[in-house]
Structure formats: structure tokens, C-alpha cells
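Please read the structure below before turning to the comments.
The values are calculated or read from the model by the stated rules, or taken from the named source; none is laboratory data. This is a predicted model, so every value here is computed, not measured. Positions of Cβ are generated from backbone atoms using ideal geometry, with glycine treated the same way; all protein chains shown enter the neighbour counts.
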Amino acid sequence: MPSESPPRSPATAPSPAGAPEPAAVRRYQPPSIAGDYLVLTPKQKQLLAIAAELGRNKFAPRAAQIDRDAVFPFENYADMRAAGLLKICVPEAYGGWGADFETYVLVAAEIGRHCGSTALTLNMHVGTAMWTGAIADDLAMTPDQRASHELHRAFHYQRIVQGGKVYSQSFSEGGAAAAGKAPFGSLAKPVAGGYLINGKKIFASLAGAADYYGILCTLDKPGATMRDSLYLAVDKNLPGVSVVGDWDPLGMRGTVSRTILLKDVFVPEIERLMPEGLYAQAATRWPHMFATLSPTYMGIAQGAYDFTVQYLRGEVPHMPPVKRRMYQTKQIAVAEMKVKLEVTRAIFLQNARAARVDPSKEIRLGLLAAHYTLMENANDICRMAVRTCGGQAMLKSLPLERMYRDSRCGSLMLPWTAELCIDRLGRETLYEAGEQDEPDVL
Ligand SMILES: Cc1cc2nc3c(=O)[nH]c(=O)nc-3n(C[C@H](O)[C@H](O)[C@H](O)COP(=O)(O)OP(=O)(O)OC[C@H]3O[C@@H](n4cnc5c(N)ncnc54)[C@H](O)[C@@H]3O)c2cc1C
């Protein structure tokens, strides 16, 4: 049974064997990512404890090198596999944890606190199990579709649960499709026993690292629309699959989001992750399915805040115990950061707990507002942290400059970039469904 006390903080974790003891006594206790730890369910506490332990002791120490080399965090994935985190959203009936939306985003945020790239790529992997699991359970299917879906998902879940396999999720193509404004340009032609895929996916996180690429494409038939979107798992070793281009970006460097090319790739029918047409239904009826990206940024915001407090208290491990907390400017700055952090956390938790099928208009608008706020506030909290901690914050020996760069990437991610959130919020607030203006008003 998990204990009622919050997970042990980095401040009280033992030093690695042989490492010199830090000069300062570390007394700051980084809080639970959930704020009020006591309201969490036993499963949430248990999963958060696993994520916090791995994050503190394994992911945080590796994060700088992963960032510097822009390489995929394979070791972190081995640790998550061993700890069972790769099956977090696989339903319990199939051997997973059966984590719901709220539980998953709390865990993702805790991981993001220690390594943004690991949290963001975990999101791509987990999305497949969540969409085919709890989300698909809420959607309308014919009895035949439901029976076939059970067969298909059992096949994919055993890969994850027994085989420890990793999935990715590729929407982006450089056109309007990833923003949800046009059918995907990658096409899947029905052929005997499966589909033949042709297409190109850009910014494909886990390119070369995932075992299976989750490819969003359009069923190749005359007059196909966005309703004909298809979600297929593509074995990375299949003939016709290649990864091209380099990867040397500003931030989130460990995601290794290179380009995937698909040329006449035959994919067996069992690799269809959802029945034909179901993705479009999910996107309309379960919009929180796209909001699994932003918890990473909640975690980065918390990480930047934790670091700032430790730094001002002179409690950063392996640094001289110089205190800066007595200066009033620092106290005001940290107070401003705390205000922004708590606003961000409040909207994060409220949105996580509101996720459901067929949400009301207010919940949909709140979702866009939350997604926007998480991504933008994370970068702003990192900016405040760099300004407050001063020149040393720029050094690559400390994590702040990486958090600052990583946090900038959130707002760029389709389908809901910061711009597109604002665009939709404005329009959907001022127009009810089907409303248009008279020509002379335009
Ligand atoms: C670190 C990182 C990891 C990523 N991983 C993945 C991944 O695993 N899978 C995946 O599919 N994608 C991934 N992406 C890609 C991401 O979701 C976007 O597709 C990509 O960043 C957009 O690139 P772009 O600027 O060329 O897009 P563009 O399509 O040129 O869009 C540029 C901007 O214009 C705006 N815009 C775009 N379309 C419209 C429109 N129709 N109407 C109004 N405004 C619009 C948006 O604000 C957008 O930010 C990742 C991106 C990053 C930064």
C-alpha cells in the first residue's frame, strides 16, 4: 500500500555512491506536481512515486547529455519499461495500469519536471494505448467494429505489455492536415490482407527509436475526406520505411523528431489501430485526446521553479552554498513565479479532471485555454527563472537554460499550437455552431 506522505524530494535523496556530499544542507522539499498530494487515489500516488523516483535519480542526471548530443533517451526508456510505465494507459484487463487521463497527465508532468524530452516522447507512445483504450471505449461502434477492435488492440497491447515495445505518433506533414484542417496527405490504399501506404511525416518524434510508428493517414478512395482518416502501426523495419534528415533543434533535442518516408509500405490489416472512421469520431467527441502534450510543460514549469528556490536558498547540489534569498528583489521574483505556477497548476488540474467524451462547450473552451496557458506559462516561468537566478542560469552545467529552450517548443506543436488555440478560442466564443455573418458585416 503506498504511503500517505509525499514522495521523497531531490533535497533528501541520498547522494550517489562515491559522490562528494554537497556542502549545503538541502531542506527545500519540492512539492507534489499535483499540489495537494493527499487527494490523489492510491494508484495515482503509486505511479507518481515511480515516476518521481526515476525522474530524480535517473532522468535528471542524464538530461544534459541527451540534450547536448540530441540523442534519444534509450536508457530512460529501459528504466520505464522495467518499472512498468510503458503500459501505463493499457487497460487493466490487458495487463496494464489502466491509468485514466488525469492519472496519466500527472505522471507525464512529473517526468517533464526532470527531462522534457522523455516526457514528450512518452506522450507519443502512451497516446496509442489511450486512444485505443479508454477513449475508444467511449465511442460509438457497430458490434462488428467493436469485436474487431478488441482483437486488434489485444494484439498491440501484448506487444507493449509482454514485449516492452514502443509506439510513436505521426500526424505532421507540413500542410494543413496536422492542424485538423484537411485530410492527411499520406495515403493508405486497401489491398488484399492490409494496406499499402505512401507518404511523408515530418517532425516524427522517436524516429528510428520507436518499434512501431503510429501513422495517421487517409484511406485512399475517391472523394476521401477527413472522416476517412486511418491510424496504422508501421513496423520501423518494414521495406519502404526510411528515416531521413538531420536533427539539431533549439530544444526538445532528445525527441529526435526526424522525417519518416513511407514508400509502398505493405501493412497487414491487424496493424490498424482503430476501426476505419473512428479517429475522426474520437477527434470530435474526445478532444482531450490532443491535450496529452501539455503536461510535459507543466512539469518543466515546476522544475524551473524548484531549481530557482534551491538556487536562491544556496541548496543546489555540488555548488557552493551561497544564499541569495535575503534580497528583496529575489523574494518578489520568486513570489511572482509562485503565483504563475499555481495559476498554471490550477488550470492543469481542472482540465485534467474535466476530460470526458462529449464535453460541453465550456469544457471545450476551457481545454483550449488550459492547453495554451500550460505551454505559454511554462516558457514564461523559465524566463523568470533565468532572470532571477542570473548569469549562472545560462551555464550548461545547470538545467535552467535547457528548460528554457525546451519550454519554447510547446507552443509550436500541432494540432493545437498556441496560435491555433487562440484562433479557435476567439472564433468559438463569438460564434455558435453553424452561425455566419451577413455579407455586409464582414
Ligand atoms: C519537439 C517537437 C516534437 C514534435 N513531435 C511530433 C510528433 O511526434 N508527431 C507529429 O505528428 N508532430 C510532431 N511535431 C510537429 C508539430 O506538431 C508541428 O507539426 C510542427 O512543429 C509544425 O511545423 P511547421 O511550423 O512547419 O508547421 P506549419 O504547418 O508551417 O505551421 C506553422 C504555424 O502556423 C499555424 N498554422 C498552421 N496551420 C494553420 C491553419 N490551417 N490555420 C491557422 N494557422 C495555422 C500554427 O500556429 C503553426 O504553428 C513536433 C514538433 C516539435 C517542435
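General remarks:
- Lone unmet requirement of (1) touching a residue at least 40 places away in the same chain (Cβ under 8 Å); (2) surrounded by fewer than 16 Cβ atoms within 10 Å (Cβ to Cβ) for THR344: (2)
- GLN350 meets each of the listed conditions (1) closer than 23 Å to PHE101 by Cα; (2) surrounded by 18 or more Cβ atoms within 10 Å (Cβ to Cβ) apart from (2).
- Of the residues making up the stretch 245-275, those that are charged (D, E, K, R), in contact with a strand residue (DSSP E or B) (Cβ under 8 Å, 6 or more places away or on another chain) and surrounded by 18 or more Cβ atoms within 10 Å (Cβ to Cβ) number 3.
- Within the stretch 159-177, the residues that satisfy the criterion of being out of contact with any His (no Cβ under 9 Å at 6 or more places or on another chain) and either touching a residue at least 60 places away in the same chain (Cβ under 8 Å) or not in a loop (DSSP other than H, G, I, E, B) (or both) are ARG159, VAL161, GLN162, GLY164, SER170, PHE171, SER172.
- For the stretch 178-207, a residue qualifies if it is in contact (Cβ under 8 Å) with a residue 40 or more places away in the chain, more than 17 Å from the chain's Cα centre (by Cα) and under 14 Å from TYR231 (Cα atoms), and the qualifying residues are PRO183, PHE184, SER186, ALA188, GLY194, TYR195, LEU196, ILE197, ASN198, GLY199, LYS201.
- Selection status of VAL322, more than 23 Å from the chain's Cα centre (by Cα) and at pLDDT below 95: yes
- Set ALA210, ALA136: member being more than 16 Å from the ligand (Cβ to nearest atom), under 22 Å from LEU85 (Cα atoms) and touching a residue at least 24 places away in the same chain (Cβ under 8 Å): ALA136
- Every condition in (1) under 26 Å from ALA136 (Cα atoms); (2) at pLDDT below 95; (3) more than 16 Å from the ligand (Cβ to nearest atom) holds for MET413 except the one numbered (3).
- Here SER242 passes the criteria (1) surrounded by fewer than 17 Cβ atoms within 10 Å (Cβ to Cβ); (2) outside any strand (DSSP E or B) except the one numbered (2).
- Only one entry of LYS396, LYS361 meets the criterion of being under 25 Å from ARG68 (Cα atoms), more than 16 Å from the ligand (Cβ to nearest atom) and in contact (Cβ under 8 Å) with a residue 40 or more places away in the chain, and that entry is LYS396.
- Being of a type in the set (A, V, I, L, M, F, W, C), crowded, with 23+ Cβ neighbours inside 10 Å and out of contact with any Gly (no Cβ under 6 Å at 6 or more places or on another chain) is a description that applies to ALA188.
- Whenever a residue of the stretch 424-442 is farther than 20 Å from GLY180 by Cβ, its partners that are in a loop (DSSP other than H, G, I, E, B) and at pLDDT 90 or above, lying with C-beta atoms within less than 9 angstrom and at least six residues away or across chains, give the pairs ASP437/TYR431.
- Hey, ASP406 at pLDDT 95 or above, more than 20 Å from PRO295 (Cα to Cα), surrounded by 14 or more Cβ atoms within 10 Å (Cβ to Cβ) and within 16 Å of the ligand (Cβ to nearest atom) or not: no
- Restricting attention to the stretch 145-167, the residues that are within 16 Å of the ligand (Cβ to nearest atom), touching a Ser or Thr at 6+ places or on another chain (Cβ under 6 Å) and not aromatic (Phe, Trp, Tyr) total 0.
- Pairs linking a residue in the stretch 248-276 that is small (Gly, Ala, Ser) to a residue that is within 16 Å of the ligand (Cβ to nearest atom) and in a strand (DSSP E or B), with Cβ atoms under 9 Å and 6 or more positions apart or on different chains, are SER257/ILE202; SER257/PHE203; SER257/ALA204.
- Pairing each residue of the stretch 34-53 that is hydroxyl-bearing (Ser, Thr, Tyr) with any residue that is outside any helix (DSSP H, G or I), provided the two are 6+ apart or on different chains, yields C-beta distances under 7 Å for TYR37/PRO6.
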